[in-house]
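Chemist: Handing you this structure, nothing more for now.
The values are calculated or read from the model by the stated rules, or taken from the named source; none is laboratory data. Everything quoted here is computed from the prediction, not taken from an experiment. Cβ atoms come from the backbone with ideal geometry, glycine included; neighbour counts cover every protein chain shown. Accessible surface areas use protein heavy atoms only, side chains included; no ligands, DNA or RNA. Shrake-Rupley method; radii C 1.70, N 1.55, O 1.52, S 1.80 Å.
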Amino acid sequence: MRLIEAKAPYEDCRREFLMLEKRWLQRSKTPAQRLAVRQTIAKTLLTEAYGSRLPWKEFGRWLRRLQQLGFRDLGMRVHVTCLYVQSLHLFPQQAHEAWEMLEDAEQRALRLRRDSPLRREHLESLAHAKKVTRVPRPPPR
């Protein structure tokens with residue numbers, strides 16, 4: 001956390017988080033705990049890559065890792081989707097995939113109970129991402 005608060009360079013953060021992941025994985029007792037560790041570290045590094053405005057090579061590495069591991073919950077899916085759509089100006093060739101991911105997250109949020117505060121929160125986050133993205137939704141393929 002000190003690295004993030006100190007706004008350390010991405011490479012320093014990445015190195016430290018990967019070392020932390022290694023330590024946490026050694027202490028994990030179950031496959032579910034190991035999966036949660038991997039997901040948490042990948043999400044953190046994706047968020048750091050977004051904050052550092054890194055190109056697709058690095059951002060995409062962590063996005064693909066999260067997609068491979070799966071999202072722990074809808075909140076994680078929405079967070080990752082919002083980062084993806086909002087960073088499209090850095091890699092507009094990914095627009096179709098990002099917008100499809102946003103539509104999927106939106107459909108999942110709409111399946112929550114209407115009176116659920118999470119439903120409203122997730123839909124607001126997705127709406128904000130749509131509003132601020134610099135790359136419009138591409139026409140259907």
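Chemist: Where residues in the range 58-74 are open to solvent by 30 Å² or more (accessible area, probe 1.4 Å) and in a helix (DSSP H, G or I), which of them is nearest to E106 (Cα to Cα)?
Modeler: L74
Chemist: Still on this structure, please answer the following. Tally up the residues in the range 66-106 that are small (G, A, S) and farther than 12 Å from K130 by Cβ, please.
Modeler: Matching residues across the range 66-106 total 4.
Chemist: Considering only the range 31-50, I want to know if a residue exists there that is surrounded by fewer than 19 Cβ atoms within 10 Å (Cβ to Cβ) and in a loop (DSSP other than H, G, I, E, B).
Modeler: No: the range 31-50 contains no residue that is surrounded by fewer than 19 Cβ atoms within 10 Å (Cβ to Cβ) and in a loop (DSSP other than H, G, I, E, B).
Chemist: Then there is this: Among the residues of the range 100-122, is there at least one that is within 19 Å of E48 (Cα to Cα), modelled with pLDDT of 95 or more and hydroxyl-bearing (S, T, Y)?
Modeler: no
Chemist: Suppose the filter is part of a loop (DSSP other than H, G, I, E, B) and not basic (K, R); does L54 pass it?
Modeler: The answer is yes for L54.
Chemist: If you don't mind, another one. Quick one: V135 ticks every box in (1) β-branched (V, I, T); (2) assigned to a helix (DSSP H, G or I); (3) in contact with a Phe, Trp or Tyr (Cβ under 9 Å, 6 or more places away or on another chain) bar one, so which box is it?
Modeler: The one condition V135 does not meet is (2).
Chemist: Please pick out the residue among H128, H96 that is out of contact with any Pro (no Cβ under 7 Å at 6 or more places or on another chain) and either over 30 Å from R15 (Cβ atoms) or at pLDDT below 95 (or both).
Modeler: Answer to the check: H128.
Chemist: Is it true that some residue in the range 54-69 is in contact (Cβ under 8 Å) with a residue 40 or more places away in the chain and closer than 16 Å to D12 by Cα?
Modeler: Yes, the range 54-69 has at least one match.
Chemist: Can I ask one more? Within the range 75-101, which residues are part of a helix (DSSP H, G or I), touching a Phe, Trp or Tyr at 6+ places or on another chain (Cβ under 6 Å) and either among the polar types (S, T, N, Q) or open to solvent by 30 Å² or more (accessible area, probe 1.4 Å) (or both)?
Modeler: R77
Chemist: I need every pair where a residue in the range 1-24 that is closer than 14 Å to I41 by Cα and open to solvent by less than 60 Å² (accessible area, probe 1.4 Å) has its Cβ under 8 Å from the Cβ of a residue that is of a type in the set (A, V, I, L, M) and not in a helix (DSSP H, G or I), sequence separation at least 6 or different chains.
Modeler: Y10/L54
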